[in-house]
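Undergrad: Here you go, one structure.
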Amino acid sequence: FCGIKDFTNFCAKYANDSQQIVNMLNDVFTIIDEKVNQYPEIYKVETVGDKYMAVCGLPEKVKYHTKHICR
């Protein structure tokens, strides 16, 4: 799991411009998706709000799964 630091404050700042929030999330998650897609051992589970969830080593065990996910 990972989340965006101060996301609640960011949302409060742009409460009247929700498109700004959507654009920021899209930009951030697109960058993460591009990185994750470089490693076939990593599976993106889902995104919820500002949270990104991915897993490595499931359903099949992967040697050095922590190394892959940390990259």
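Undergrad: Just to check I understand the Karplus step: with θ = phi - 60° and J = 6.51 cos²θ - 1.76 cosθ + 1.60, what whole-Hz values come out for the stretch 6-22, glycine and proline as x?
TA: 6, 4, 4, 5, 4, 5, 5, 5, 10, 4, 8, 9, 4, 5, 4, 5, 4
Undergrad: Could you provide, to the nearest whole Å², the per residue accessible area of the stretch 26-71 with probe 1.4 Å?
TA: Counting only protein heavy atoms, the per-residue value for the stretch 26-71 is 78 Å².
Undergrad: I'd like the chymotrypsin sites (Phe, Trp or Tyr not before Pro) in the stretch 4-71 restricted to DSSP loop residues with at most 15 other Cβ atoms within 10 Å, sorted by number.
TA: For chymotrypsin sites (Phe, Trp or Tyr not before Pro) across the stretch 4-71 that sit outside H, G, I, E and B with at most 15 neighbouring Cβ atoms in 10 Å, the list reads Y14, Y64.
Undergrad: Quick one: with all protein chains in place, what share of the accessible area of the stretch 21-71 is carbon or sulfur, to the nearest percent (1.4 Å probe)?
TA: 57
Undergrad: Let me ask something additional. Which sequence of E46, E60, E41 reflects their accessible areas, 1.4 Å probe, from the largest down?
TA: Sorted descending by solvent-accessible area, the residues read E60, E46, E41.
Undergrad: In Å and whole numbers, how far do the C-alpha atoms of the chain stretch along each principal axis, longest first?
TA: For the chain, the Cα spread along each principal axis is 46, 18, 17 Å.
Undergrad: So how exposed is D27, as accessible area in Å² (1.4 Å probe, rounded to 10)?
TA: Number for this one is 90 Å².
Undergrad: Okay, moving on. Check the straight Cα-Cα distances from K35 and name the aspartates and glutamates below 19 Å, setting aside those fewer than 8 residues away within the same chain.
TA: Candidates past the 8-residue exclusion: D27, E46, D50.
The values are calculated or read from the model by the stated rules, or taken from the named source; none is laboratory data. The shown structure was predicted, so the numbers you read here are calculated from the model rather than taken from an experiment. Positions of Cβ are backbone-derived with ideal geometry, glycine not excepted, and every protein chain shown enters the neighbour counts. Just the protein is used for accessible areas: all its heavy atoms, side chains included, with ligands, DNA and RNA removed. Shrake-Rupley method; radii C 1.70, N 1.55, O 1.52, S 1.80 Å.
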